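This is the structure, below, for whatever I ask next.
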Amino acid sequence: MNVLVKSATIVDPKSDFHNQTVDILIEKGTISQISKRIQNPKNYKEIRRDNLHVSQGWFDSSVSFGEPGYEERETIANGLDTAAKSGFTAVAVNANTNPVIDSYADISFLKSKAEKHAVNLYPIGALTKHSDGTDLAELFDMKTAGAVAFYDYQHPIANPNLMKLALQYASNFKGLVCSFPQESKISGLGVMNENVTSTSLGLKGNPALAEELQVARDLFILEYTEGKLHIPTISTAKSVELIRAAKQKKLDVSCSVAIHNLIYTDEHLKTFNTNFKVLPPLRTQKDIDALISGVKDGTIDMVTSDHNPIDIEDKKIEFDYAKYGTIGLESAFGALNSIFTIKKTVELLTNGRERYAMDTTPIAVGNSANLSMFNPNSTYTFTKDHMFSRSKNAMFEGHNLKGNVYGIIANNQLVIQ
Amino acid sequence: MSELSVNHLLGIKYLNKKDIQLIFETADHFKEVINRPIKKVPSLRDITIANLFFENSTRTKLSFELAEKRLSADVINFSASQSSVKKGETLIDTVNNILSMKVDMVVMRHPNPGAGVFLSQHVDASIINAGDGAHEHPTQALLDSYSIRERLGEVGGKNVVIVGDILHSRVALSNIYALQLQGANVMVCGPKTLLPKYIKDLGVTVETDLRKALNWCDVANMLRVQNERMDISYFPSTREYTQQYGVNKALLNSLDKDITIMHPGPINRGVEITSDVADSDQAIILDQVQNGVAIRMAVIYLLASKIKH
């Protein structure tokens, strides 16, 4: 693939051209020239877009595509297309499948499905067999096959001894263990944040306490085991505090927050809209403020869309019965860019690769082109027309976003809207 | 002519004060009707109402059915145990199937909070919520306030305590909203395990000592402990619950004033109230039941008149 990107403002602090508006010549997938003005004698395809900006390719550490088993929600092929059109060049895919991805063969299946795609798919293997929280899955074997982390998606590890063993065992080969922050006995049958809104709606509450107890427990176990822990999708103010303190103690812990948990409070559930039914649940403004300060000071290492397509049959039903989840890849950039500066937004969208032991490729001559292309200034209302996912369960539907994505250049391919 | 501000009765929280006044004034008229020798009016001869009960109910279902028949509406009944719901049909499909037979109004009881709201967003009929999980039971709260008004002259300014299992109660929530709209002071009383942690934020006072609560109030609304909604024991034994939160005649007699005792039914005699309390002049439990028919006639009549417009 040969392409000439015209008049693009580079947003990449690791690039010599950071904040400069330049032309970028890409030949056979590699950046061969960057300068103010590049001629196009070979008549390569040119990309010119309004207010075009480029950055290193974005990465999302928590997406679900359903396949195998839940193809009615999403397929790997369409999921990766969605990621590409949403500006992502890499996604870590959860074992949110049926059967659960918990073996070498399963990891290989995911890799092979994504082989020729512009977007790199990094599989996350289940931490326990069938994600049932009883016995460890073959973690080393899965790592050999390409698993970047081990996570029973949204299933808490109830048994603290199992968490201890997981952290100890995975540290043999620097495996990244993820623990969903929820104490199930405390969360009980809760379907939304426990607060005055849950009380007024008669919905069972899932208290912040459930998350914080589990975070505290896992940090204690981490300190004991000296392992490597990632806590995906924290949602409460106290979780931020706990992790901040753990980092000060130099524990090897990282964490993420879902973008929607940075924007919406539980009050959005007042109309029983099931697209707002997510796990962890939407919390309060106080939590949002603490999460945002955690993002700003680096306590929270990465943000994620926690993209989770759910088909209409599991969403257009009574609230208690509806499945948790919202799609988020398509709205990720516009939502983040609405609350952070473009510099911070890009930083957040490119963070996390190192934690998952992935390469980063700054925008420089000689590097392979791994680019996201976007306009940070446009504003629009996010509608079904902006959704590429097979399922349309978007929390952000009808909301105003700032910034739209043009596409990506990665793996010697161009995907552009 | 005045009309309701809403097209459905999904919860008290969606009503305003004028709606409640209108419902009460209309109920006054119907209360007079149901005490006539011929207890029926021809108002809704052109209206068909489906009573959909996805959860067991005795008095609410009977009360609605009677109200509908007193208004001369055509009535069909449906309960989940006999239906296709058991075969996996969705709520929207079930209701749309019924509506396609030209039904104008749906009265629904459902175990899930928000089921009525959900239905109103997706089907074309007037919906009356007859209880949705632990969310709301608006006609119960209306008849409760109506009964207080009947006994004490007005609701505004009165002190009302709701006692018992607030956590699992739709009656409590609807009552809180209804009483507050009319200017009453509301307290909830029960063991902390049965009080939602954030209930105070709804503007009610919280008391765990029943004697203090009863001394404060003009009216005590005694709720049943909803064992069927509990996934774990919220208190050690019924005996111990009764020791702390049961009302008996001796306790009532020891108060400084005569308070009014209410209960939405069904009563667990000897648990939340003893028989001598339930059957005393201070209790208005059977008045509540009678008023329930008049209130439901009023609600159905007022919503039906909006359909006709």
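The values are calculated or read from the model by the stated rules, or taken from the named source; none is laboratory data. Quick caveat, the model's predicted, so the values are computed rather than measured. Cβ placement follows ideal geometry from the backbone for every residue including glycine, while neighbour counts extend to all protein chains displayed. Areas reflect the complete protein model, heavy atoms only, side chains present, ligands, DNA and RNA absent. Shrake-Rupley method; radii C 1.70, N 1.55, O 1.52, S 1.80 Å.
Using a Gaussian network model of chain B whose springs link C-alpha atoms within less than 10 Å, name the residue from B:Asp19, B:Asp256, B:Asp279 with the highest mean-square fluctuation.
B:Asp256
Is the shape of the stretch B:115-270 best called rounded, prolate or oblate, per the rule: a/c under 1.5 gives rounded, else a/b larger than b/c gives prolate, else oblate, with a ≥ b ≥ c the square roots of the Cα gyration tensor eigenvalues?
oblate
Sort the stretch B:161-253 into rounded, prolate or oblate with this rule: let a ≥ b ≥ c be the square roots of the eigenvalues of the Cα gyration tensor; rounded if a/c is under 1.5, and if a/c is not under 1.5, prolate when a/b is larger than b/c, oblate otherwise.
In terms of gyration-tensor shape, oblate.
Report the calculated FRET efficiency for A:Lys270 and B:Lys17 (r = Cβ-Cβ distance, R0 = 25 Å), to the nearest 0.05.
0.75
Counting only protein heavy atoms and using a 1.4 Å probe, what share of the accessible area of the protein assembly as shown belongs to carbon plus sulfur, as a whole percent?
Values: 13790 of 28540 Å².
Heavy-atom surface of the protein assembly as shown belonging to carbon and sulfur, 1.4 Å probe: 48 percent.
At R0 = 45 Å, how high is the FRET efficiency between A:Ser35 and A:Tyr224 if r is their beta carbon distance? Nearest 0.05 is fine.
0.25
To continue, here is another question. Report, in whole Å, the centroid distance computed from the Cα atoms of the stretch A:350-369 and the stretch A:176-213.
36
What is the dipole size for the stretch A:76-152, taken about its Cα centre, with +1 at each Lys and Arg Cβ and -1 at each Asp and Glu Cβ, in debye to the nearest 20?
In debye, rounded to 20, the stretch A:76-152 gives about 380.
Among the lysines, select those whose C-alpha is under 25 Å from the C-alpha of A:Lys45, and discard any that sit fewer than 8 residues away in the same chain.
Here the lysines satisfying the reach criterion relative to A:Lys45 are A:Lys6, A:Lys28, A:Lys36, A:Lys85, A:Lys116.
Averaged per residue, what accessible area in Å² does the protein assembly as shown show with a 1.4 Å probe, protein chains only?
Counting only protein heavy atoms, the per-residue value for the protein assembly as shown is 39 Å².
Past 20 Å, Cα to Cα: identify those pairs from A:Lys315/A:Lys392; A:Lys14/A:Lys174; A:Lys277/A:Lys316; B:Lys31/B:Lys61; A:Lys204/A:Lys323, in the order given.
With Cα atoms farther than 20 Å apart: A:Lys14/A:Lys174.
From the Cα gyration tensor of the protein assembly as shown, with a ≥ b ≥ c the square roots of its eigenvalues, which class applies: rounded if a/c is under 1.5, or else prolate if a/b is larger than b/c, or else oblate?
prolate
Here is a further query. Determine the alpha carbon to alpha carbon distance for each of B:Lys40/B:Lys158; B:Lys13/B:Lys158; A:Lys113/A:Lys343; A:Lys164/A:Lys296; B:Lys17/B:Lys306 and list only those over 26 Å. Write down the numbers at each step before the final one.
Numbers: B:Lys40/B:Lys158 34 Å; B:Lys13/B:Lys158 20 Å; A:Lys113/A:Lys343 33 Å; A:Lys164/A:Lys296 30 Å; B:Lys17/B:Lys306 18 Å.
Result: B:Lys40/B:Lys158; A:Lys113/A:Lys343; A:Lys164/A:Lys296 exceed 26 Å.
Restricting attention to the stretch A:213-273, which GluC sites (Glu not before Pro) occupy a DSSP loop and are surrounded by at most 11 other Cβ atoms within 10 Å?
A:Glu226
Right, another one. Where in chain A is the longest stretch that carries no trypsin sites (Lys or Arg not before Pro) classed as loop by DSSP and with at most 11 other Cβ atoms within 10 Å?
Answer - A:251-417.
Ignoring ligands, DNA and RNA and using a 1.4 Å probe, state the total buried accessible area between A and B in Å², rounded to the nearest 100.
Counting protein atoms only, the buried area is about 1700 Å².
Extending each Cα 7 Å along its Cβ direction at A:Thr144 and A:Gln248, get the distance between those two points in nm, one decimal.
Reported label-point gap for A:Thr144 and A:Gln248 is 4.3 nm.
On to the next question. Give me the inter-chain shielding for B:112-122: mean count of other chain Cβ atoms within 10 Å, whole number please.
Counting other chains' Cβ atoms within 10 Å and averaging over B:112-122 gives 6.
Another question about this same structure. Could you work out how much longer the chain between B:Lys192 and B:Asp28 gets when fully extended? Use 0.36 nm per residue separation minus the Cα distance between them, nm to one decimal.
Between B:Lys192 and B:Asp28, full extension yields 55.2 nm more.
Moving on. A:Thr381 versus B:Asn227, label points 7 Å from Cα toward the beta carbon: distance in nm?
For A:Thr381 paired with B:Asn227, the spin-label model returns 5.3 nm.
Find, among the GluC sites (Glu not before Pro) in the stretch A:59-117, those assigned to loop by DSSP (not H, G, I, E, B) with at most 10 other beta-carbon atoms within 10 angstrom.
A:Glu115
Moving on to the next point. Once amide H atoms are built 1.01 Å from N in the peptide plane, which residues 5 or more positions from A:Glu183, or in another chain, come under 5 Å H to H?
Under 5 Å from the amide H of A:Glu183 lie the amide H atoms of A:Glu211, A:Gln214, each far enough along the sequence or on another chain.
Normalised by the residues of the stretch A:157-281, what does the relative contact order come to in percent, with Cα pairs under 8 Å and at least six apart?
Taking the mean separation of contacting Cα pairs over the length of the stretch A:157-281, I get 27 percent.
For the protein assembly as shown, what is the charge dipole size about the Cα centre, in debye to the nearest 20, if Lys and Arg each add +1 at the Cβ and Asp and Glu each add -1 at the Cβ? Mind showing how you got there, number by number?
On the way: 77 positive and 81 negative charges, 195 e Å.
Here the size comes out at about 940 debye.
Once you average over the residues of B:195-204, how many Cβ atoms of partner chains fall within 10 Å of each Cβ?
Rounded to a whole number, the mean comes out at 4.
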